[in-house]
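Each remark here refers to the structure printed beneath this line.
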Amino acid sequence: MRTGNQNETRGAKAPTNDCKDTLESGQIMVSLLLMLTLFLLAMVGFAVDLTNLWFHRQAAQTAADAACEAGALDMAGLASGMTLPTMDFTPGIGGNCTAGAGTICFYANANGYNGAGFSAGSASNSVTWSFPASVSGTVTPPSSITSYPFLQVMVAENVKTHFLYTIHGTTYQKVVASCTCGLTQEKEAAPVVVLNPTVSAAFYYGGGGTTLNIIGGPQRALQVNSDSATAIDCQSGIINTSAGGPKGTGSDVAAVGGPAQISTACFNGGTTGHWSGGAFPVGDPYAGVGPPASVKSQTPISGTAGTTVQKAQSLSMAGQDGCPDPSRNCMEFSPGYYPNGIPISGNQTYIFLPGIYYLDGSLAVSGGTTLRMATPCQPSCSPLSSSVGQQTDGLMFYFYSGSINISGNSGTNTALIPVPSASLTCDGSAPSAALNMPSTLNGNVLWGQCATNGTYWDAGGDTSDSRGSPGSRGIMMYQDHANTAQPVFGGSGAMSFSGSLYFHSSSYSDIFTLSGGSSTGTFILGEVVADQISLNGNGAVNLALNPAPSVELLKVGMLQ
């Protein structure tokens, strides 16, 4: 049956390749799994390398930050006059840690980087530093404070890798971290600052039980930069800061040296005030303030006796430009250049018109004299004035040579028209009640200019400051940095001054002495900055610090 066989042949199915396809599919799957495994292993390897590099980068950054901040602290110490023999670097001159010494290298090494030197083909690291001239977004402090305020530390390390070399062709990868830090100025409320960095008894009080009452101001009321173990020397008397600080509940006393502790007989910090030894020094808050050079270019005022102005008509009606003396005419001075200083004595009352007094000699005050501010054209004009003064008016004595020296019975004449205490403030308000200042004042009464930045201003543009509105009373006495004369507030009379007292020489040898008898009542509204301070006698010095940010203090900061 040929036909049937043919049909059967046509109906039969042809053989297939299912077994072969199944075999090939399995081989592809195995290959794909192998490739994915290798890819994942490679990614894990790269991840391990990259993570290792990241951790080394973070470690290098930590080392750079620590070394930079430590170096900047040394730079701040130098700017404050300290001697730092272990810093082993010179501001302005770049260097590295191949020798392994000094502050920067110590802190880098403490964080795992010895800075022995960088070698491209082996595990190694380097630590280098430089001094940028400027830092973006940061105001450079005046060169009078420091010529090189900024420091940059760079840490570089060769880190061994295991997979990245397939891309870069090298076993080691370089990671780099840098930190820029340095010295900046920040406006803050200023404490009393004693600048001498080394001397014993930089702040001395004793000899009769003098009391220094400090009220208001910042939390730190007194800062002594000396690193001597006896930087503060208490022989008798007390520093009373129980009404100091932002809350008026007590403020701190700090010294770079010591003593670390002080007896309650020498210090009363109230509930929030503390005594602190081992503090970090602060910079001179007025280091960037230049002298009133333009005033010296004016025509010298050769006379030292002043100009006679009419006396007061009674104890209730002042004379010309506010002469407070009803028994005799006042002697009035106008601002300008005094090449022979201003020596005054006797029982006269002397009044001073607002402005800048550039003295090439001392303001020597003795006898029964009294010093007062003149009030231009109030109630009537003197021969030296022609326009009415303002509440924000004031004066500054700049001592190119000589200094202030008050002695004898100056300020004891009580038969004068008293001065309202509100005259000492820029806005005419009463001073803080915590100062216990009477509503009217006798004795010597002077005040500084009200300035926007708390320094001084004049027509010659010697500073960038301007008249405050109301501002704060600025520098009232400013001694040239080359001048080593000694300022003295002595005698037994009362003194009330509003404004900052600034006595600093480049040799740190200006000793500001306050002394007097039991009747002495001294009120100072403002900051005191001096190389050394000595309180003697058995009177009381009452000091009200400005609680508002008013001066530029040098700070260490991390900038980039």
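Read the figures in this text as sums done on the coordinates, not as results from a lab. Since the structure is predicted, the reported quantities are computational estimates derived from the model, not experimental observations. Heads up, the Cβs are rebuilt from the backbone with ideal geometry, glycines too, and the neighbour counts pull from every protein chain shown.
Worth pointing out:
- Sequentially through the stretch 299-313, phi angles give Karplus couplings (6.51, -1.76, 1.60; θ = phi - 60°) of 4, x, 9, 7, x, 10, 8, x, 10, 6, 10, 5, 6, 5, 7 Hz, Gly and Pro residues having no value and appearing as x.
- Every Cα-Cα pair in the stretch 221-320 was counted, and those over 16 Å apart are 71% of them.
- Only Lys, Arg (+1) and Asp, Glu (-1) charged, at Cβ; the stretch 291-526 dipole about Cα centre in debye: 360
- The chain: mean projected area of Cα convex hull, nm²: 42.3
- The stretch 291-526: relative contact order in percent, alpha carbon pairs under 8 Å with at least 6 residues between: 16
- Likely footprinting exposure, Ile145, Ile214, fewest C-beta neighbours within 10 Å first: Ile145, Ile214
- Taking a point 7 Å out from the Cα of Arg467 in the direction of its Cβ, the residues of the stretch 360-399 whose backbone N falls within less than 11 Å of it are 388-394.
- Least to most buried among Cys266, Cys330 (fewest other Cβ within 10 Å first): Cys266, Cys330
- Tilt relative to the chain, helix 18-79 - C-alpha long axis, 0 to 90 degrees, to 10: 20
- Karplus-based coupling profile of the stretch 145-157, in residue order and whole Hz: 8, 7, 7, 10, x, 10, 10, 10, 10, 10, 10, 10, 9, with θ = phi - 60° in 6.51 cos²θ - 1.76 cosθ + 1.60 and x standing for Gly or Pro.
- Near Arg220, the amide H atoms lying under 5 Å from its own belong to Asp252; only residues 5 or more places off or on other chains count, and H is placed 1.01 Å from N.
- Of interest is the spacing of the C-alpha centroids, which for the stretch 324-351 and the stretch 214-256 amounts to 36 Å.
- Here r is the Cβ-Cβ distance between Ser302 and Ala101 and R0 is 56 Å; the resulting FRET efficiency, rounded to 0.05, is 0.40.
- Coupling constants for the stretch 434-442 follow from the phi torsions by the Karplus curve (6.51 cos²θ - 1.76 cosθ + 1.60, θ = phi - 60°), and in residue order they are 5, 6, 6, 7, x, 5, 10, 10, 9 Hz; glycine and proline get x.
- Amide proton proximity set for Asn483, modelled H, under 5 Å, gap of 5+: Ser506
- Cα-centre dipole for the chain with unit charges at Cβ (Lys and Arg positive, Asp and Glu negative), debye to 20: 780
- 18 Å cut-off, amide nitrogen to a point 7 angstrom out along Ser316 Cα→Cβ, residues in the stretch 414-432: 415-420
- Crossing angle, helix 2-11 versus the chain [Cα axis fit, 0-90 degrees, rounded to tens]: 10
- Under 5 Å, built H, 5+ apart or other chain: amide partners of Asp88: Thr103
- Antiparallel %, DSSP beta bridges [both residues in the stretch 291-526], to 5: 20
- Pairwise Cα separations in the stretch 357-493 fall into 10 Å bins from 0 onward with the following percentages, short to long: 11, 33, 41, 14, 0.
- For the stretch 291-526, the equivalent ellipsoid derived from the Cα gyration tensor has semi-axes of 24, 20, 19 Å, listed largest first.
- For the stretch 96-140 and the stretch 387-424, distance of Cα centres in Å: 55
- Computed over the chain, relative contact order equals 13 percent, with contacts defined as Cα pairs under 8 Å that lie 6+ residues apart.
- Once the chain from Ser147 to Ala110 is taken as fully extended at 0.36 nm per residue, the excess over their C-alpha distance is 10.4 nm.
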